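Reading through the structure tokens given below for one structure.
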Amino acid sequence: MTAEEGPAKLVSIVTEAAVETLLLREIEAMGIDGYTIADVRGRGTRGRRSGSWDASASIRVDVVCAPVRAEALALRVKERFAPGYALFIFICDAWVP
């Protein structure tokens, strides 16, 4: 399912690169077939993530979807990954032309 024209939400998930495959399975299991993945680095509550070696690599997965799906996605990802991995999720307003 792709976002339709009009108001939408952008869900950005920043987490450890090690969970990329599992995270994408969760996203696709919800019927979401569009996303963008970027390698990222930075610093947060769990320290610096330099990305210079696999154990410290991080990714950001962006999904644009309907508002109701955005909250469901964020909750599902939090439940599945927050207990064991560095994770930050934010949701912003978006517009699909």
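Worth a mention:
- Within the stretch 1-35, tally of residues that are modelled with pLDDT of 95 or more, of a type in the set (S, T, N, Q) and over 12 Å from LEU87 (Cβ atoms): 1
- Screening the stretch 29-38 for residues that are open to solvent by 70 Å² or more (accessible area, probe 1.4 Å) and under 12 Å from the mean Cα position of the chain (by Cα) and picking the one that is farthest from VAL63 (Cα to Cα) gives THR36.
- Failed criterion for ALA72 (all others in (1) at pLDDT 95 or above; (2) of a type in the set (Gly, Ala, Ser); (3) exposed (fewer than 11 other Cβ atoms within 10 Å of the Cβ) hold): (3)
The values are calculated or read from the model by the stated rules, or taken from the named source; none is laboratory data. What you are looking at is a predicted structure, and each value in this text was computed from that prediction instead of being measured. Heads up, the Cβs are rebuilt from the backbone with ideal geometry, glycines too, and the neighbour counts pull from every protein chain shown. The area values use the complete protein model at the heavy-atom level, side chains included, leaving out ligands, DNA and RNA. Shrake-Rupley method; radii C 1.70, N 1.55, O 1.52, S 1.80 Å.
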